[in-house]
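Participant: This is the structure, below, for whatever I ask next.
The values are calculated or read from the model by the stated rules, or taken from the named source; none is laboratory data. This structure is a prediction, so every number in the text was calculated from the model and none was measured. Glycine gets a Cβ as well: all are built from the backbone with ideal geometry, and neighbour counts include every protein chain shown. Keep in mind that these areas ignore ligands, DNA and RNA; they rest on the heavy atoms of the full protein, side chains included. Shrake-Rupley method; radii C 1.70, N 1.55, O 1.52, S 1.80 Å.
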Amino acid sequence: MNLKRCLSRAVASLCLSLTLAAGPLLQGTIYATPISEMDLKVMEQSLSIIELDRDIHKITIQQQEANIKAAELTEQLADKSRRIEDSRDRAGKVIAAYYMGERESLLTALLSTDSLSDFFTVLDYYQLISERNQDILNTYTKEYTALRATKEELDQTSRELENMKQRLIQQRDRLVTLQESVESSIRTSADPEKLRQMIQELTNYWKNIGFYEVRRYFKALSQAMADFPEYLQQYDDSLSSLQGGYTLTIRQEELNQFLRSKNQLLSDMTFEFSNQRMIVQGSREELKLGLEGHYTIESKPQNALIFHIDRLVFNGMELPDTTRNELEQEFDLGFYPQQLVPFIEATEVAIRDGEMTVKLKLSLKSSR
């Protein structure tokens with residue numbers, strides 16, 4: 001395959017990973033009057049409460065599933081332990097035969113036969129015993145391996161449960177603190193009833209529309225992946241060779257033009273490269289969304305550029321880390337050079353004013 005064509009696809013995948021961080025541009029508005037900075041802060045906290053509560057619910061479900069799995073593994077472990085006891089006894093008898101002379105007796109009988117027919121009779125008998133003994137040893141080995149694998153899986157599940165427990169405790173503490181802060185701010189506000197009404201409107205809007213719009217736009221962006229190989233066809237000077245590899249240069253003007261030409265949903269988005277950050281801003285009617293993030297190069301389990309969301313702001317309200325983490329897990333924003341070109345890997349990524357550059361080098365490492 002032509003190297004430049006392969007790298008073109010790699011660039012396309014990278015560009016897509018940039019767009020996947022953009023988030024939704026929502027339609028409509030829920031506020032008819034300006035909101036004070038203090039009220040906006042309270043509403044930001046209330047939005048964090050919604051997301052923390054959802055994260056707690058998700059952790060609780062994961063805990064329930066992990067507990068069921070742990071119970072199943074514990075039962076499997078007990079069953080395998082009972083079966084391996086029997087296998088161990090039988091395997092022990094086979095091993096003991098090596099030291100108690102039973103095999104030597106069979107060999108002596110084989111060598112002391114007087115006729116060819118007796119020789120083959122004893123040989124068949126000896127082979128049957130050997131095969132049976134080998135089956136016993138193989139069965140023990142397989143069951144012991146299965147026992148160890150089940151034990152390791154149970155240990156891993158137990159560690160996950162402990163991590164979930166600690167995470168749940170932390171999130172509940174955060175939730176209680178935020179709830180107390182919100183309630184205190186409402187009581188001391190100039191118009192508590194109005195503030196409660198705005199919080200309720202925000203809650204309803206986010207749960208019924210905003211939450212799903214985020215994922216709708218991410219899905220739309222992922223579906224555009226097939227068109228991204230065209231990026232280098234339009235901007236073929238984005239790829240340049242250097243000693244031992246290549247440099248990919250993604251210019252924000254070209255990226256914005258390309259994305260807007262592909263999907264109407266992207267027409268109100270602006271991508272900006274600045275000071276090691278990718279900044280995304282968008283607005284439609286009276287709703288706004290902003291995002292900041294950065295890339296790091298990871299070597300395990302494979303070479304990749306992993307995108308990290310540092311800030312996610314919805315209508316002037318910053319969403320909590322739980323939402324950012326969920327988006328990172330749900331939507332892979334990374335760029336994996338070796339999935340497209342097995343002998344290429346990213347070694348350096350830099351974001352400066354107006355452009356992002358990725359250095360690639362030839363590598364003999366397998367992508368598997």
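Participant: For L14, indicate whether it is part of a helix (DSSP H, G or I), modelled with pLDDT under 50, under 20 Å from the mean Cα position of the chain (by Cα) and aliphatic (A, V, I, L, M).
Facilitator: Considered against the rule, which asks whether it is part of a helix (DSSP H, G or I), modelled with pLDDT under 50, under 20 Å from the mean Cα position of the chain (by Cα) and aliphatic (A, V, I, L, M), L14 comes out as yes.
Participant: Pairs under 8 Å by beta carbon, first residue open to solvent by 70 Å² or more (accessible area, probe 1.4 Å) in segment 58-71, partner in a helix (DSSP H, G or I), six or more apart or different chains?
Facilitator: Listed by first residue and then by second, the contacts come to N67/L161; K69/T157.
Participant: Also, I was wondering about something else. Return the total of residues in segment 233-255 being exposed (fewer than 14 other Cβ atoms within 10 Å of the Cβ) and not in a strand (DSSP E or B). Even if it seems obvious, please write down each step before you answer.
Facilitator: Let us first name the residues in segment 233-255 that are exposed (fewer than 14 other Cβ atoms within 10 Å of the Cβ), namely 233-234, 236-237, 240-244, 253.
Adding the requirement that they be not in a strand (DSSP E or B) leaves 233-234, 236-237, 243-244, 253.
Going through segment 233-255 one residue at a time, the tally reaches 7.
Participant: On the given criteria, is L221 under 24 Å from L312 (Cβ atoms), at pLDDT below 80 and not in a loop (DSSP other than H, G, I, E, B)?
Facilitator: yes
Participant: Please go through segment 259-272 and pick out each residue that is over 28 Å from the mean Cα position of the chain (by Cα) and either polar (S, T, N, Q) or under 21 Å from V358 (Cα atoms) (or both).
Facilitator: S261, Q264, S267, listed by residue number.
Participant: Report yes if I186 is in contact (Cβ under 8 Å) with a residue 12 or more places away in the chain and either in contact with a helix residue (DSSP H, G or I) (Cβ under 6 Å, 6 or more places away or on another chain) or open to solvent by less than 80 Å² (accessible area, probe 1.4 Å) (or both), otherwise no.
Facilitator: Here the answer is yes, as I186 does meet what is asked.
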